[in-house]
1. Return yes when ILE13 is touching a strand residue (DSSP E or B) at 6+ places or on another chain (Cβ under 9 Å), on the phi < 0 side of the Ramachandran plot, among the β-branched types (Val, Ile, Thr) and outside any loop (DSSP other than H, G, I, E, B) and no when it is not.
2. What do you reckon, is VAL66 exposed (fewer than 11 other Cβ atoms within 10 Å of the Cβ) and either at pLDDT below 95 or in contact with a Cys (Cβ under 7 Å, 6 or more places away or on another chain) (or both)?
3. Yes or no: the range 109-116 includes at least one residue that is in contact with a strand residue (DSSP E or B) (Cβ under 6 Å, 6 or more places away or on another chain) and surrounded by 15 or more Cβ atoms within 10 Å (Cβ to Cβ).
4. From the list ARG88, ARG74, ARG84, pick out the single residue that is surrounded by fewer than 20 Cβ atoms within 10 Å (Cβ to Cβ), in contact (Cβ under 8 Å) with a residue 24 or more places away in the chain and not in a loop (DSSP other than H, G, I, E, B).
5. Given ARG30, ARG37, which one is surrounded by fewer than 12 Cβ atoms within 10 Å (Cβ to Cβ) and either at pLDDT below 95 or among the hydroxyl-bearing types (Ser, Thr, Tyr) (or both)?
6. Any residue in the range 166-178 that is at pLDDT below 90, surrounded by 14 or more Cβ atoms within 10 Å (Cβ to Cβ) and either assigned to a loop (DSSP other than H, G, I, E, B) or over 16 Å from the mean Cα position of the chain (by Cα) (or both)?
7. Please determine whether any residue of the range 121-134 is in contact with a strand residue (DSSP E or B) (Cβ under 8 Å, 6 or more places away or on another chain) and in a helix (DSSP H, G or I).
8. Being in contact (Cβ under 8 Å) with a residue 40 or more places away in the chain, in a loop (DSSP other than H, G, I, E, B) and over 12 Å from ILE46 (Cα atoms) is the filter here; which residues of the range 137-157 pass it?
Amino acid sequence: MAERGIAVDHATIHRWVLHYSPELLEQFNRRKRPVGRKWHVDETYIKVRGRWMYPYRAIDSNGDTVEFWFSERRNLTAAKHFLRKALRRRGCPERIVIDGSQTNREAILLCDAESRLLDRSRRRPKPIRIRQSAYLNNRIEQDHRAIKRRTGPMLGFKSTQSARVILGGIEMVHMMRK
């Protein structure tokens, strides 16, 4: 904007992000290309108003973002909610790579069993294979750096809702860049 001679306050840009980010993300998700059949799933942590909050993320083997979700807790319920959302939007993968987290493993097993029960086709769907290794999950650990790089210089988030919206915008820009 400064290149074009328009002076805009940073608070105005913040309000634009809060207003337009969810709409742009919704439009982007409608037009998103299909993802691969091998996913890497993990969560990271971000401080919001002095408390740790957890963005759950999944990427495919090509590095494209499958899904993300922001949660106040890091437990089985949050992991199941995230995986249900990812499976509903992007379909069932062949294999999921996770780190040593037992809650993610249990969530995958539960969501896979639910999706196979709800499947009405005549063929028997294959179960999701789980690969649990701290070293094979480096791909998503490196992908977390993009979020940390953006949120690090910020002065922090003051509310969960604004953090959810701003992280959604950051993820959308990151997905477009990839």
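1. no
2. Values: exposed (fewer than 11 other Cβ atoms within 10 Å of the Cβ): no; either at pLDDT below 95 or in contact with a Cys (Cβ under 7 Å, 6 or more places away or on another chain) (or both): yes.
Against the criterion (exposed (fewer than 11 other Cβ atoms within 10 Å of the Cβ) and either at pLDDT below 95 or in contact with a Cys (Cβ under 7 Å, 6 or more places away or on another chain) (or both)), VAL66 does not qualify.
3. Taking the range 109-116 and keeping what is in contact with a strand residue (DSSP E or B) (Cβ under 6 Å, 6 or more places away or on another chain), we get none.
Looking through the range 109-116, none of the residues is in contact with a strand residue (DSSP E or B) (Cβ under 6 Å, 6 or more places away or on another chain) and surrounded by 15 or more Cβ atoms within 10 Å (Cβ to Cβ).
4. Values: ARG88 fails: in contact (Cβ under 8 Å) with a residue 24 or more places away in the chain; ARG74 fails: not in a loop (DSSP other than H, G, I, E, B).
From the options ARG88, ARG74, ARG84, the qualifying one is ARG84.
5. On the way: ARG37 fails: surrounded by fewer than 12 Cβ atoms within 10 Å (Cβ to Cβ).
None of the other options fit; the residue is ARG30.
6. No: zero hits.
7. No, there is no match, as no residue in the range 121-134 is in contact with a strand residue (DSSP E or B) (Cβ under 8 Å, 6 or more places away or on another chain) and in a helix (DSSP H, G or I).
8. Taking the range 137-157 first, the residues in contact (Cβ under 8 Å) with a residue 40 or more places away in the chain are 137, 139-141, 143-144, 147-148, 151, 156-157.
Still in the list and also in a loop (DSSP other than H, G, I, E, B): 137, 156.
ASN137 - this is the single residue of the range 137-157 that is in contact (Cβ under 8 Å) with a residue 40 or more places away in the chain, in a loop (DSSP other than H, G, I, E, B) and over 12 Å from ILE46 (Cα atoms).
The values are calculated or read from the model by the stated rules, or taken from the named source; none is laboratory data. What you see is a predicted model, and the numbers here were worked out from it, not measured in a lab. Because the Cβ atoms are built from the backbone with ideal geometry, glycine has one as well, and the counts that use them run over all protein chains shown.
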